[in-house]
Amino acid sequence: MGSARLQQHRRSLDGRPLLVSGPAPAPRKLLIIAAFAALYVIWGSTYLGILLAIESMPPLLMAGVRFFLAGVIMYGIALWQGAPKSSFAEWRTALIVGGCLLFFGNGSVTLAEQWVPSGLASLIVATV
């Protein structure tokens, strides 16, 4: 009976057998190091980019333009991939969340980077 029960668990809901694969291979140490290096470079370049950008434009304007361009690009990609257009309720929610992120999250960081070094700003954000 135990064998029949095991066979039952190896079948999908419609009775077809499931493909069972072995355990996932362990990631190579070099790939893990490369992933962490990419994370550090990408994370660090964000704060350096903010520092360079606020030298030529007001901090909140820079953050707003950055988020707006990212949103337009991501929305365009989503539509291109066949995602349905967003409803009014979704736009309203996105506006509220985006406004909170702009003014309280990233906006605070861009304002603070006028007086705080970018490396220190990234460390403070990483610890919060």
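Of note:
- Helices (runs of 4 or more DSSP H) fully within the range 1-95 counting 3 or more residues that are among the basic types (K, R) and either within 30 Å of T110 (Cα to Cα) or modelled with pLDDT of 90 or more (or both): none
- When the range 80-97 is filtered for residues that are over 16 Å from F68 (Cβ atoms) and of a type in the set (S, T, N, Q), the ones remaining, listed by number, are Q81, S87, T93.
- You will find that of W80, W115, W91, W43, the residue that is in contact (Cβ under 8 Å) with a residue 24 or more places away in the chain and either in contact with a Pro (Cβ under 8 Å, 6 or more places away or on another chain) or not polar (S, T, N, Q) (or both) is W43 and no other.
- For first residues located in the range 53-68 and closer than 17 Å to V116 by Cα, partners that are in a loop (DSSP other than H, G, I, E, B) and of a type in the set (D, E, K, R) and lie 6+ apart or on another chain with Cβ distances below 8 Å form the pairs I54/E113; P59/E113.
- A residue that is closer than 16 Å to A70 by Cβ and more than 18 Å from the chain's Cα centre (by Cα) occurs somewhere in the range 105-115.
The values are calculated or read from the model by the stated rules, or taken from the named source; none is laboratory data. Bear in mind that the values here come from a model prediction, so they are computed numbers and not experimental data. Positions of Cβ are backbone-derived with ideal geometry, glycine not excepted, and every protein chain shown enters the neighbour counts.
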